[in-house]
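Student: Take a look at this one; I'll ask things after.
The values are calculated or read from the model by the stated rules, or taken from the named source; none is laboratory data. Because the structure is predicted, anything quoted here is derived from the model rather than measured. Cβ placement follows ideal geometry from the backbone for every residue including glycine, while neighbour counts extend to all protein chains displayed. Side chains included, ligands, DNA and RNA excluded: accessible areas come from the protein's heavy atoms. Shrake-Rupley method; radii C 1.70, N 1.55, O 1.52, S 1.80 Å.
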Amino acid sequence: MVKTLLLARHKLRRPASTLGAIIAAVGLLFVSSSPMATFAQGASTSRQQLFFSAAQEFEVPESVLLALSYNESHWVSNAGMSNDGGYGLMDLRTYHSTVMSGRDGTTVTPAKQQASYYTLDQAAQLLRVSPAILKADDQQNVRGAAAVLAQDAKQLNSGNLPVDLGDWYSAVAQFSGAVNSASASSFANDVFTTIKGGISLTTPDGQVMNLPASPSVRPNIEGMSALEFKPTSMNPVKNISNSTPECPSTLNCRFISAFYGPDDPNDPTNYGNYDFANRPQDMQIKYIYIHDGEGSYDSIVNHFQDPSAYDSAQYVISSQGDITQMVRNKDVSWGVGNWNMNMHGINIEHAGFGAQGASWYTPAMYQASATLVRWLASTYHIPLDRQHILGHDNIMLRPAAGQWAQHWDPGPYWDWNYYMDLVKGKTPAQASADYAKTSVADFSLKKGDVVTISPNFATNQPLITDCQTGTCVTLPKQGANFVYLHTQPDTNAPFLTDPYLHSQATSDPYLYIDGPVGNTQDNDWGDKAPSGFKYVVADIRGDWTGVWYSGQIGWFYNPHGEGRTAHCGTSATLAPRRGLSSVPVYTLAYPEASAYPSTIPVQPQPTAYSIPAGQRYTTTGKAITSDYFYDWTWNYSAPDDHKIVVGNQKYYEITYNHHIGFVKVEDVDVTSN
C-alpha cells in the first residue's frame, strides 16, 4: 500500500455512456447481497444536504462538488489521512514533513509542493477555520472545498465565477493537485464523466446520495493553458512514458511512467521513485504484492509521478477495473518498505481504503486484478498460493523494531478466498459458489496437522474498530478475511499481543493502536490470522484450535460444520534443529558479510522474532538464495552501482504470524508435506 507517502490523480478515459453504465452498476454494489457487498445501516440524506448548502453558499455547482467527492471518497469520510495527505469527503490536502519510503522503510522528508496543492491550508485561510476542524468535520470539509474551487475558478476566469457548468473544468483540474497537465486533465475528465452519467447509491454508513445525470454537459478545456505545474527532473535518457503496458489483451490498460530522477540535484543518492533493473534475468520475480492505496485511483497515479513520493508500484487498478502500469516489470518498484522483498516482487495498488472495503473493492476490480495476477504468475512462474501472492500487511519491514510502522493494506475487508479463486481461473459465479462449501467440511484435527485459515467471508463479520480520528468507532458490518486469535480457548480471553505493535507511540493516525494489548482495531495485525495462511496445530480443545503463531499459541474458534473457520491443509513444516533452544526469524534474506566486495557496504540482517524449540511453522520448503541489489545513486555514479551481490547463505521462507519471515537453512529441520 501507499499510505503515509502522499498520492494524487488519474483514470482511463472511456465513452461517457460506457463509464456511466459501469458506475451505475457499481452503485448497485452498495445495496447488493453479493459476497462483496457493504451493509448500510439505516438511511439518511443529511450528507447530501451538506453539498447543497455549500453549493448555495459559494455558488459552485452542486454536481461539481458531488462528482468530485464521489471520485475522491465515494462519499464516505475516511477516518484518517489519505494517500496524498488529504482528509475528509473532499480529500483536502496538507503538507506532512515525514513519510516512510516504500523502498526500504526509512523515514524521509519530502520536498514541498506548490501552494495550490495544499487545499486544506487554502480552505483554512478562506474560511478562517482551523485545519483540525476541516479534517474532521464533514460540513466544514465540503465548505472548504467549495471555497477553494470558487477561488480557483475566479482566478482562471478573469475574476468571475463560470456561468456554464462545463466552464468549471479548469478549476476542477486545478483542484486535483496533479503534477502535470495530462494528469490534471484526466482528473477533470473523470469528474465530468461522473457528472455526465450521474450516480445514486447508499453508502456503507447509511447515507442516501444522488447525483442526477447531466448528459448534455460539455467540458471547456480552453482554460487549461492557465494552469501552472511544478517542473520535475525526469531523467530524459530513461524516460519511458510512451511504453506499451504489460497486460493481458482483455484488460483496459495504459502506461504512465512513475517519476525517476533526483530529488536533490546535489545529492545523487536522494532520488525516486523506483530503480532500473533487468528482471528476471538478474533477479527472480517470486512474489506479487496486493495493496490498497488509501485513496482514489486518480490520486495514486498522480502520486507516483510526484518526485517527493519515494513510493511506486508496477500497477494501479480502479474500482471500474481500469489499469495503469507505472513501472516496467523488469524494474524494481518501491512498494512494501522492505528492499529485499521489493527486489523480487511486483507491487499492485488498488483504489480504496482498508477501513472501508467493499465500497471500493468491486467485482470489476477483483476480476481485473485477478486476470492480471494470473497472467503475471504465468509469465514469471509464480505459484498461485498465499505464500507468493501476499498483501502489503503480510510483509515485515526491514528494521526489526519497526514492525509497528508497517502498513496493513489491503485490510480486513479484502476477500482473499474469492480473489484467489478468480486468480486460479474460476469464474465469478464459481468463486461466489465456494462460499457455500468452504467451511462445511467436518474433520478431526490433531496436534502437528496443518490448517489453512478459511472463514466464510460472507458470514464472517466480526467486530472491527477504527481509531484513525483519535476516537475509536465500530465499523459497519461486512465480510472479513481473518479470525481473531486469543491467548486461551475462550472468547473472553485476551487477544494475542505483538511485542512491537503496542510499544511505540506514533502521531500517524493510520498506524496508531490504542492500548497496550491486542484488540479489535483494523490495523492491529498481531491478533489476526488471515485467510489463506497456513499454520501448524499446537493443540485442540473442543471447538477451539490452537496454532503456533509468533512464538506462542493463538486460539481461534473453529467449530465443526457450517461454522468451520479453517480446513486441513498441506505444507512442509520446520522447527529449530535439535539441540537449539531457539532460532532467529529474519525480516529479509540478505547475503553473508563475506559476499560483499569492499566497494559495497555490508547490509545488516535484522532479526525480528524467534522460534523456540518445540514449535513448528509452515514453509514453502524451497531454499532461497540470498542476494542484495546495490543501487546507491540515480545516475550510476557510485563504484559498483547497480551491482547484485549473491551470497552462499540459504534461507527458508516461513509463515510466522500475520507476516512471512525467513530462517537460515542450517538452523532448522524440515518435514515435507
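Student: Taking amide H positions as placed 1.01 Å from N in the peptide plane, with prolines and chain starts having none, which residues 5 or more places from S44, or on another chain, fall under 5 Å of its amide H?
Tutor: Correct list: Q207, V208.
Student: Next up: Taking 25 Å as R0, compute the FRET efficiency from the Cβ-Cβ separation of D282 and T244 and round it to 0.05.
Tutor: Efficiency for this residue pair is about 0.70.
Student: How much net charge surrounds T109 when only other residues with a Cβ under 13 Å from its Cβ are counted (Lys, Arg +1; Asp, Glu -1)?
Tutor: Neighbour charge sum, excluding T109 itself: -2.
Student: Sticking with this structure for a sec: If you put +1 on each Lys and Arg Cβ and -1 on each Asp and Glu Cβ, how big is the dipole of the chain around its Cα centre, in Debye rounded to 20?
Tutor: Charge dipole of the chain: 1180 debye, to the nearest 20.
Student: If you take the Cα atoms of the chain, find Rg, then find the Kirkwood Rh from the mean of 1/r over all pairs, what is Rg/Rh?
Tutor: A ratio of 0.96.
Student: A further question follows. Which residue, chosen from A480, Q125, Q387, occupies the Cα position most advanced towards the positive end of the dipole of the chain, where the dipole is computed from +1 (Lys, Arg) and -1 (Asp, Glu) charges on Cβ about the Cα centre?
Tutor: Q387
Student: If you take the Cα Rg of region 73-139 and divide it by 2.2 N^0.38 Å, with N the number of residues, what do you get?
Tutor: 1.19
Student: Run the quick spin-label model on S44 and D490: label points 7 Å from Cα toward the beta carbon, then report their separation in nm to one decimal.
Tutor: Using points 7 Å along Cα→Cβ, the separation is 3.9 nm.
Student: Only four residue types carry charge here, +1 at the Cβ of Lys and Arg and -1 at the Cβ of Asp and Glu. Report the dipole size of region 69-225 about the Cα centre in Debye, rounded to the nearest 20.
Tutor: Using Cβ point charges on Lys, Arg, Asp and Glu, region 69-225 gives about 180 debye.
Student: Using a probe radius of 1.4 Å on heavy atoms only, what accessible surface per residue do you get for region 553-673? Whole Å² is fine.
Tutor: Per-residue accessible area for region 553-673 comes out at 41 Å².
Student: Same structure again: With each pseudo-label sitting 7 Å past Cα toward Cβ, what's the D539-D264 distance in nm, one decimal?
Tutor: Going from the D539 label point to the D264 one covers 5.3 nm.
Student: With θ taken as phi - 60° and the coefficients 6.51, -1.76 and 1.60, list the Karplus ³J(HN,Hα) couplings across region 477-491 in order, rounded to whole Hz; mark glycine and proline as x.
Tutor: Karplus values, whole Hz, x for Gly and Pro: 5, 7, x, 10, 9, 8, 10, 6, 10, 10, 6, 9, x, 7, 5.
Student: Can I ask one more? Where in region 55-137 are there trypsin sites (Lys or Arg not before Pro) that are in a DSSP coil and have at most 13 other Cβ atoms within 10 angstrom of their Cβ?
Tutor: Hits after loop and neighbour filter: K112, R128.
Student: Given the -39500 (n - 2.57) contribution per DSSP H run of 4+ residues, what per-residue ellipticity at 222 nm results for the chain, rounded to the nearest 500 deg cm²/dmol?
Tutor: It lands at -6500 deg cm²/dmol.
Student: While we're on this one: How charged is the neighbourhood of I654? Take every other residue with its Cβ under 12 Å from the Cβ of I654, and add Lys/Arg as +1 and Asp/Glu as -1.
Tutor: +2
Student: For each cysteine in the chain, check whether another cysteine's C-beta sits under 4.7 Å from its C-beta; list those where none does.
Tutor: C568
Student: Projecting each Cα onto the charge dipole of the chain (Lys/Arg +1, Asp/Glu -1 at the beta carbon, about the Cα centre), which of P509, P612, N338 comes out farthest on the positive side?
Tutor: P612
Student: Quote to one decimal, in nm, the extra length available between S378 and T633 on full extension: 0.36 nm per residue of separation minus the C-alpha distance between them.
Tutor: Full extension of this stretch gives 88.5 nm more.
Student: In sequence order, what are the phi-derived ³J(HN,Hα) couplings for region 509-519 according to the Karplus relation 6.51 cos²θ - 1.76 cosθ + 1.60 with θ = phi - 60°, rounded to whole Hz, with x for glycine and proline?
Tutor: Once θ is set to phi - 60°, the couplings for region 509-519 become x, 5, 9, 5, 10, 7, x, x, 10, x, 8 Hz.
Student: With the contact rule set at Cα under 8 Å and sequence spacing of 6 or more, what percent relative contact order holds for the chain?
Tutor: Relative contact order for the chain comes out at 13 percent.
Student: Now for a separate question. So for each of 202-209, 578-585, 337-344 I average, over its residues, the number of other beta carbons within 10 Å; can you give me the resulting order with the highest mean first?
Tutor: Packing order, densest peptide first, comes out as 337-344, 202-209, 578-585.
Student: Now, a different point. Between I133 and A111, how many nm apart are label points set 7 Å from Cα along the C-beta direction?
Tutor: My value for the distance between the label points is 3.6 nm.
Student: Suppose a student asked you for the relative contact order of region 138-190, using Cα pairs under 8 Å spaced at least 6 residues apart; what percent would you report?
Tutor: Relative contact order here is 26 percent.
Student: Which whole-number percent gives the relative contact order of region 526-580, counting Cα pairs below 8 Å spaced six or more residues apart?
Tutor: Taking the mean separation of contacting Cα pairs over the length of region 526-580, I get 22 percent.
Student: Residue by residue through region 299-305, which ³J(HN,Hα) values in whole Hz follow from phi under the Karplus form 6.51 cos²θ - 1.76 cosθ + 1.60 (θ = phi - 60°), with glycine and proline marked x?
Tutor: 5, 5, 4, 5, 4, 5, 8
Student: In the full protein assembly as shown, how much of L501 is accessible to a 1.4 Å probe, in Å² to the nearest 10?
Tutor: So the heavy atoms of L501 present about 10 Å² to solvent.
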